[in-house]
Amino acid sequence: MRRSADAGFTLLEVIVAFAISALAVGILYEGASGGLMATGSAAKTVEALSLAQSHLAAIGHGDAIAQQESSGTDGDGFDWHLHISPIASREMNLSDSDRANDTRETSAVLYDVTVTESWTEGGHTHQIAIGTHRLDMRTAEGE
């Protein structure tokens, strides 16, 4: 039995096939690692948004709203900054629903509230800011 000269692959063909396979594996690895990094970055952004919403939800519960600038650390590499400033106010007379002639002077103040969360990831600083308006009403007696 005699072998033909055209049977099988030459060494050059094997090396070219191996090089193409190595490039394909490298591209797949780069795509997969890029996807994992993007997923991690998205998770950090969602966590920052959740922290900012928590700070925003706490405004006006318990204490009266007032103009302020404050900041702090939430841990796990997150820092927050709160900015509250008045944007409009109006004096009103409100009546007690039980007594039609009993009115109280009331001051209504509309505030602009912004919470910014920032964090460092991969050597870059990222931040997300959310804001809202909050209404604070106070009587002349401070209620």
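The values are calculated or read from the model by the stated rules, or taken from the named source; none is laboratory data. Model, not experiment: these values are computed from the prediction. With ideal geometry, Cβ positions are generated from the backbone for all residues, glycine too; neighbour counts draw on all protein chains shown.
Considering only region 96-106, I want to know if a residue exists there that is outside any strand (DSSP E or B), surrounded by fewer than 11 Cβ atoms within 10 Å (Cβ to Cβ) and either touching a Lys or Arg at 6+ places or on another chain (Cβ under 8 Å) or at pLDDT 90 or above (or both).
no
So how many residues does region 64-87 have that are under 27 Å from V109 (Cβ atoms), assigned to a strand (DSSP E or B) and touching a residue at least 12 places away in the same chain (Cβ under 8 Å)?
11
If you check H55, H61, which single one turns out to be under 30 Å from T114 (Cβ atoms) and part of a loop (DSSP other than H, G, I, E, B)?
Of H55, H61, the one residue that is under 30 Å from T114 (Cβ atoms) and part of a loop (DSSP other than H, G, I, E, B) is H61.
Does A52 satisfy being hydrophobic (A, V, I, L, M, F, W, C) and either over 30 Å from A108 (Cα atoms) or touching a residue at least 40 places away in the same chain (Cβ under 8 Å) (or both)?
yes
Go through (1) surrounded by 13 or more Cβ atoms within 10 Å (Cβ to Cβ); (2) in contact with a His (Cβ under 7 Å, 6 or more places away or on another chain); (3) of a type in the set (S, T, N, Q) one by one and return the number of the condition S71 breaks.
Result: S71 fails condition (1) only.
When you scan region 10-19, do you find a residue that is in a helix (DSSP H, G or I), among the polar types (S, T, N, Q) and at pLDDT below 90, even just one?
Taking every residue of region 10-19 in turn, none turns out to be in a helix (DSSP H, G or I), among the polar types (S, T, N, Q) and at pLDDT below 90.
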